[in-house]
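Okay, so here's the structure we're looking at.
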Amino acid sequence: MAKELKDLTKRSEDYSKWYNELVVKADLAEQADVRGCMVIKPYGYAIWEKMQRVLDDMFKETGVQNAYFPLLIPKSFLSREAEHVEGFAKECAVVTHYRLKTNETHDGVVVDPAAKLEEELIIRPTSETIIWNTYKNWINSYRDLPILCNQWCNVMRWEMRTRLFLRTSEFLWQEGHTAHATREEAEERAKQMLAIYAKFAEEYMAVPVVQGVKSETERFAGALDTYTIEAMMQDGKALQSGTSHFLGQNFGKAFDVQFLNKENKPEYAWATSWGVSTRLMGALIMTHSDDNGLVLPPALAPIQVVIIPIGKGDQMAMLDEKAAAIVANLKKMGISVKYDNADNKRPGFKFADYELKGVPVRLVLGARDLEQGLVEIMRRDTLEKESVSIEGIEEYIKNLLDDIQKNIYKKAVDYRDAHIYECEDYEEFKEKIKDGGFFLCHWDGTAETEAKIKEDTQATIRCVPYMFEQTPGVDMVSGKPAVARVLIARAY
RNA sequence: CGGGAUGUAGUACAGUUGGUAGUAUACUUGGUUUGGGACCAAGGGGUCGCACGUUCGAGUCGUGUCAUCCCGACCA
């Protein structure tokens, strides 16, 4: 299978095909029969579950609670906030009827025209509207605030073009929605959640990100400010991996959510929303994978260590026994381990298969090596093999897992930093961006400049980054003065 | 919505001037194997996207239709 994968690994030629093949071959997900939707397979879902668990804990540490709101949103809710409806109207799935009936020839079903809904329902593309409609009932006084809710759910956006994990019609995500008594508190929360996303991306996914603020045209529909983390994929393109929005009082006003403040004066509630989706898995795959398949960071790998025995029939019982001891010890240390002694697959197949699945560490228990008290250990990130003593192997593995986590992060940082350029000249920019990368350029802040760059190069302003020292300069397109540099890249 | 292409086995694809449907892989069974994706043998699986037409005869030709993919547009 991975032989076919290797044929596709001229990544610069067709990175997206390589990516799609990898996702399918590594048994993560597949295209569903329903157009644009995906099936997440058990192995892929295990990664998502682990991400969920970690993120959920991080949210809860900041006081966020989980809740759940309806899938279906009355159409009228969506039109309350003008910009919001404009942003999402084109990609909404609409429920118009509530019943089917058998057709005249009795060999199928048709929509029952008598069951037309008076008001159509929208399958949520995001839940701001229905949640703020609910918050109206929850909020009367400044004492009711803040409300810090998160929900894990699916959403539906009828995208024109889809790609597994990166942009599917239906996807899984978490969406946090908070309500605050003051502007400052809400802005603070929006930034705080972005920082959590960045921490998660870097410490767990080992994906370095650039944090920043979106330009007005790229901003979330209905937001005053959209904060974003942008990651660089191995082909130099940017992937927006998480966003946090400061929504001002837009939704408070649209849904009439007023409270009495300490001065006994009515005031509209301040809002934030923030989310990350299964797209993070796309980021994970596209950041680390190599020509042998996935490379998963130990912190998120469903299987951290795989043990494969090799021996003749009569040696297997002894190998099973040796392995059982190691498995027990590793489990005690909180390391997830799989012992694969299936005899219907040859070792070579297993090696290739677990590499394809990105298992960070592989241990080979060979009867031959074992006579000398040795085992072969391979790390997935570098594919380096080593023979080490079976004594203390558990501690060795633990350290190796930490090392792999650090190493793949460093590798990703190095790659990204080597592909960030400062650029002052538009002609040079147009030429260089063909090869991908992040470009830090001065921007005059106008939508015209932004549009011209997009038209000429397909690249967009990803964000105004926080993390770089900013100095004023001259916009390379218009020649007008510019306050700061922005991050420009082609994006997924 | 504009431009281009493709619909044939689970998947990926051949199929010549029209003559009863093929290859690879996957699957099943048996045997030999097992330190880097095994080999041999046998077997199962198809209303050739759908409809109509031309023809003695259509996977192949014609018309229509549906679906999918790619490039644009669109897209957090």
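The numbers here are math on the coordinates, done by the rules we state, and not lab data. Just so it is clear, the structure is predicted and the values come from calculations on it, not from any experiment. Note: ideal-geometry Cβ built from the backbone for every residue, glycine included; neighbour counts use all protein chains shown.
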With Rh as the Kirkwood radius over Cα pairs, region A:305-403 has Rg/Rh of 0.92
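Calculated FRET efficiency, residue A:345 and residue A:184, Cβ-Cβ r, R0 41 Å, to nearest 0.05? Let's see the in-between values first.
Values: r = 60 Å, r/R0 = 1.45.
That pair, residue A:345 with residue A:184, gives E of 0.10.
What do you get for Rg/Rh over region A:226-316 if you use C-alpha atoms and the Kirkwood form of Rh? Numbers along the way, then the final one.
Numbers: Rg = 24.2 Å, Rh = 17.9 Å.
Ratio value, two decimals: 1.35.
For an R0 of 45 angstrom, estimate the FRET efficiency from the Cβ-Cβ distance between residue A:260 and residue A:451 and round to the nearest 0.05.
Details: r = 44 Å, r/R0 = 0.99.
E between residue A:260 and residue A:451, to the nearest 0.05, is 0.50.
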Hits among aspartates and glutamates - C-alpha to C-alpha of residue A:25 under 19 Å, sequence gap 8 or more where chains match
A:4, A:7, A:14, A:33, A:290, A:291, A:353, A:355, A:381
Tilt relative to chain A, helix A:447-457 - C-alpha long axis, 0 to 90 degrees, to 10:
40
Length gained when the stretch residue A:67-residue A:32 is fully extended (0.36 nm per residue, less Cα-Cα span):
9.8 nm
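Relative contact order of chain A: what whole-number percent is it, with Cα pairs under 8 angstrom and at least 6 residues apart? Present the calculation step by step, with values, prior to reporting the outcome.
Numbers: 972 pairs, mean separation 67.0, N = 492.
For chain A, the relative contact order is 14 percent.
Students often get this wrong, so check it: of A:237/A:452; A:191/A:253; A:41/A:191; A:191/A:452; A:432/A:452, which have C-alpha atoms separated by over 24 Å?
Distance filter (> 24 Å) returns A:41/A:191; A:191/A:452.
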Relative to chain A, whose Cα atoms define the longest principal axis, helix A:316-332 and its Cα axis are tilted in degrees, nearest 10, by 40
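Mind checking the full-extension length gain between residue A:466 and residue A:399? Use 0.36 nm per residue of separation minus the Cα-Cα distance, one decimal, nm.
Numbers: separation 67, 0.36 × 67 = 24.12 nm, distance 3.37 nm.
The span from residue A:466 to residue A:399 would gain 20.8 nm if fully extended.
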Please compute the alpha carbon radius of gyration of region A:420-489, then divide it by the globular-protein estimate 2.2 N^0.38 Å. Two decimals is fine.
0.97
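Between their Cα atoms, which of A:199/A:434; A:332/A:411; A:312/A:385; A:331/A:406; A:199/A:357; A:50/A:398 are more than 27 Å away from each other? Intermediate values should be presented prior to the final figure.
Details: A:199/A:434 30 Å; A:332/A:411 30 Å; A:312/A:385 22 Å; A:331/A:406 22 Å; A:199/A:357 25 Å; A:50/A:398 19 Å.
As for pairs spanning more than 27 Å Cα to Cα, those are A:199/A:434; A:332/A:411.
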As a test of the definition: which semi-axes, in Å, follow for region A:24-147 when you take the square root of five times each eigenvalue of its alpha carbon gyration tensor? Largest first, please.
32, 28, 13
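Hey, what does the equivalent ellipsoid look like for region A:108-169, semi-axes from the Cα gyration tensor as sqrt of 5 times each eigenvalue, largest first, whole Å?
32, 22, 8
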Taking only Cα atoms of chain A, what ratio of Rg to Rh do you get with Rh as the Kirkwood inverse-distance radius?
1.03
